[in-house]
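**Student:** Have a look at the structure that comes next, please.
Every number here is computed from the coordinates shown, using simple stated rules; none is lab data. Bear in mind the structure is a predicted one, so any value in this text is a computation, not a measurement. Here the Cβ positions follow ideal geometry from the backbone for every residue, glycine too, while neighbour counts run over all protein chains shown.
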Amino acid sequence: MDVIQSKEELHELVVAWRHHDEHIALVPTMGNLHAGHTSLVENARKFAERVVVSVYVNPTQFSPSEDFAEYPRTLDRDTRRLKKIGADVLFIPDDATVYPFGHTCATVVSVPGLTENFCGATRPGHFDGVTGVVARLFAIVQPDIAVFGQKDYQQQLVIRHMTEDLNLPIRIITANTVREKDGLAMSSRNQYLSEEERKIAPVLYEVLADIGAELQDGNRDFQRLEQSGAERLTAAGFKLDYLAIRRAQNLEEPKRDCDDLVVLASAILGKARLIDNVVVTV
Ligand code: PAF
């Protein structure tokens, strides 16, 4: 595996791969890799001969109340993991590569509408930071395919929207959420849970899966399902941010006859803000 910092060096490799008609998949990450990321790389491998994994802790997607400086940086461990699973390139651009004019003067890429609710409402500016950095990584790497996790459901919808709206010739793949044995979605944030909180955390998925099963069985009392789910989470010790049943394709309010639904939630447990979702196709 090549570890590359400069976009020129990466570009040389990309040109050589293209010359051999090889497809390129990009897996953008902020590092601190776990089994969820491994699965993104494995998914990428199904669609492309070459896999580039980027590790860049993007300052513009952190709000002032979130601690960018404290975000875990584990490059040595990440490098070992990526070597083991056979990524072709680990791309670790610096700030000047990603934001040549500095991030305070950076061009803004913004997807209105989709970013206004849910995580967009609790983390103002977050999605502009995500679309901004992903657009930049797309421009630098020029992949054919890019892979994102379903756990960040709103994020992957926002990126799909941006890619389609800007006519970027990149296929977006959404990889299934990888879970611990007890159902908890894998996330870098799980490490912030205390032992006691870790025991409570799987309740988030349990609640979403139960609502998903009700929807699958034809229950369309969305409001009641949301309310009882919220009550269960609060009773378990979560501070609820949101729990909502929405249309899977655009997060709009669903009608009773909708056949694509997603149940999505964000809830705080101690220092960790956990998110998860369940997609229901009727
Ligand atoms: O999901 C993430 O890890 C980040 O939001 C992403 C897509 C790598 C952009 O920084």
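**Student:** Report Rg(Cα)/(2.2 N^0.38 Å) for the stretch 1-83, keeping two decimals.
**Tutor:** Its radius of gyration relative to the 2.2 N^0.38 Å reference: 1.22.
**Student:** As an exercise, use a Förster radius of 35 Å and the Cβ-Cβ distance of Glu252 and His103 to find the FRET efficiency, rounded to the nearest 0.05.
**Tutor:** Taking R0 as 35 Å, the efficiency between Glu252 and His103 is 0.65.
**Student:** Give the calculated FRET efficiency between Ala121 and Asp95 to the nearest 0.05, with a Förster radius of 35 Å applied to their Cβ-Cβ distance.
**Tutor:** Here the calculated transfer efficiency is 0.80.
**Student:** Can you tell which of Val158, Gly113, Leu75 lies farthest toward the positive end of the dipole of the chain, using +1 and -1 charges on the Cβ of basic and acidic side chains (Lys, Arg; Asp, Glu)?
**Tutor:** Leu75
**Student:** Quote to one decimal, in nm, the extra length available between Asn219 and Glu22 on full extension: 0.36 nm per residue of separation minus the C-alpha distance between them.
**Tutor:** This chain segment gains 66.2 nm when fully extended.
**Student:** On to the next question. Where in the chain are the helices, taken as whole DSSP H runs, whose Cα atoms extend 20 angstrom or more along the long axis and whose Kyte-Doolittle mean reaches at least -0.5?
**Tutor:** Those that pass (Cα extent of 20 Å or more, hydropathy at least -0.5) are 126-141.
**Student:** Sticking with this structure for a sec: Mind checking the full-extension length gain between Ser65 and Ala236? Use 0.36 nm per residue of separation minus the Cα-Cα distance, one decimal, nm.
**Tutor:** The Ser65-Ala236 span can extend by a further 59.0 nm.
**Student:** Ranking request for peptides 156-163, 112-119, 22-29: highest mean number of other beta-carbon atoms within 10 Å first, then the rest in descending order.
**Tutor:** So the peptides 156-163, 112-119, 22-29, ranked by packing, come out 22-29, 156-163, 112-119.
**Student:** Given R₀ = 45 Å, FRET efficiency for Ile268-Met1 by Cβ-Cβ distance, to 0.05?
**Tutor:** Working from the Cβ atoms, E equals 0.75.
**Student:** Given Cβ point charges of +1 (Lys, Arg) and -1 (Asp, Glu) and nothing else, what value in debye, to the nearest 20, does the dipole of the stretch 56-162 about its Cα centre take?
**Tutor:** 380 debye
**Student:** For the chain, what does the helix formula give at 222 nm: sum of -39500 (n - 2.57) over DSSP H segments with n ≥ 4, over the residue count, nearest 500 deg cm²/dmol?
**Tutor:** Calculated from helices alone, the mean residue ellipticity at 222 nm is -11500 deg cm²/dmol.
**Student:** In square nanometres, what is one fourth of the surface area of the convex hull spanned by the alpha carbons of the stretch 33-181?
**Tutor:** Averaging across all directions leaves 9.4 nm² for the Cα convex hull.
**Student:** For the chain, take N as its residue count and report Rg(C-alpha) divided by 2.2 N^0.38 Å.
**Tutor:** 1.02
**Student:** Compute the semi-axes of the equivalent ellipsoid of the stretch 167-252, taking the square root of 5 times each eigenvalue of the Cα gyration tensor, and list them largest first in whole Å.
**Tutor:** Working from the Cα gyration tensor, I get semi-axes of 24, 21, 12 Å.
**Student:** Tell me, His126, His103, His37 in order of fewest to most beta-carbon neighbours within 10 Å?
**Tutor:** His103, His126, His37
**Student:** Right, something else. Determine the gain in length on full extension of the stretch Ala139-Asn167; use 0.36 nm per residue of separation and subtract their C-alpha separation, reporting nm with one decimal.
**Tutor:** Length difference between fully extended and current span is 8.8 nm.
**Student:** Run the quick spin-label model on Glu180 and Lys199: label points 7 Å from Cα toward the beta carbon, then report their separation in nm to one decimal.
**Tutor:** Here the answer is 1.3 nm between the modelled labels.
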